[in-house]
Amino acid sequence: MKRILLFVMTNLAVVVVLGVVASLLGVNRYLTANGLNLGALLGFALVMGFGGAIISLLISKPMAKWTSGVRVIDGSGSPDERWIVETVRKFADKAGIGMPEVGIFEGDPNAFATGAFKNSALVAVSTGLLQGMTRDEVEAVIGHEVAHIANGDMVTMTLIQGVMNTFVVFLSRVIGYAVDSFLRKNDENSSGPGIGYYVTTIVLDIVLGFAAAIIVAWFSRQREFRADAGAAQLMGRRQPMINALARLGGMHPGELPKSVAAMGIAGGIGKLFSTHPPIEERIAALQNAQQQ
């Protein structure tokens, strides 16, 4: 219930903020008496497209802590907690990034990294992961998440999502305006957008949104291969990451909140909308690299 309420409140806040920004900048006035103002429409699309993605990135870490129930640790607790913090510190130093916050959350096997900036990120692992894997395997998973941070994956995915959002908003309204103009070409008394514009825009927002999601998911899958390789590089050997993936293949990785799902460890069938490749493909990529 808390996650659903948070999701609704976050989206409402984003819509309100973007609406205010668009009004202040005047970029929401792209429909004029003389037709479609493409410059104003592009400005509106950029604000809406990148605004939502950037806001989501900026609030990703606090939202992840809240929705996952992450308990931040500093290494002053149990020996296991000290080991986790020191492992993250070792990899962060090796990767040349600032020390991330480290956290533990209750749940099935999973882990994630999130945060807007390389030097102030968060790495969190689940209790199920710690209990179901060897130390070498947990270390590999931690290395995978640190590699995500070092590769700048959070920012990269935000930029890709922003570009896709911008294209969706821009194209749906241009096509909507063209359809509406065609349907009302013999109506000389009409003024302002008609029903054709609104229906076409809504339908294309959905259809193009799905197409954009497929492209974003493809980029996300490529990023997982790089993070696997990054973990192997940080550890100096590939076998622990291979073992961790193989063990995850026999587990049921815990479902993460949507805000951090793309940064987690997950397996499953490689579908168009999947943010992670099949575990078999990830293992094969590591084994092939090991043989080269």
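The values are calculated or read from the model by the stated rules, or taken from the named source; none is laboratory data. Note that the structure is predicted; figures quoted are calculated from it, not measured. Cβ atoms come from the backbone with ideal geometry, glycine included; neighbour counts cover every protein chain shown. Note: accessible area is taken over every heavy atom of the protein model, side chains too, but ligands, DNA and RNA are not part of it. Shrake-Rupley method; radii C 1.70, N 1.55, O 1.52, S 1.80 Å.
Observations
- Net charge of the neighbourhood of V179, taken over other residues with C-beta under 13 Å away and scored Lys/Arg +1, Asp/Glu -1, is +2.
- Working from the Cα coordinates of the stretch 137-206, the gyration tensor eigenvalues give, after taking √(5λ), semi-axes of 47, 10, 6 Å in decreasing order.
- Potential lengthening of the chain between A246 and F167 amounts to 24.6 nm, from the contour at 0.36 nm per residue minus the alpha-carbon distance.
- Rounded percent of accessible protein surface that carbon and sulfur make up, the stretch 72-184, 1.4 Å probe: 58 percent
- Residue-level accessible surface for D80, protein heavy atoms, 1.4 Å, Å²: 90 Å²
- D136/S76 FRET efficiency (R0 22 Å; Cβ-Cβ; nearest 0.05): 0.35
- Working note: Karplus 6.51/-1.76/1.60 with θ = phi - 60° gives the stretch 127-134 the couplings 5, x, 5, 5, 7, x, 10, 6 Hz, where Gly and Pro are set to x.
- The calculated FRET efficiency for N288 paired with K90, based on their beta-carbon distance and R0 = 22 Å, is about 0.20.
- Remark: the stretch 91-162 carries a charge dipole of roughly 240 debye about the Cα centre, counting +1 on each Lys and Arg Cβ and -1 on each Asp and Glu Cβ.
- Computed from the alpha carbon atoms alone, the convex hull of the stretch 168-250 holds 96 Å³ per residue.
- The per residue volume of the convex hull around the alpha-carbon atoms of the stretch 107-245 is 122 Å³.
- Our estimate of slack between L58 and Y198, defined as 0.36 nm per intervening residue step minus the Cα-Cα distance, is 47.2 nm.
- Value in Å of the Kirkwood radius, where the stretch 82-185 supplies the Cα pairs that are averaged: 16.0 Å
- Sequence ranges 96-103, 46-53, ranked by mean other-Cβ count within 10 angstrom, highest first: 46-53, 96-103
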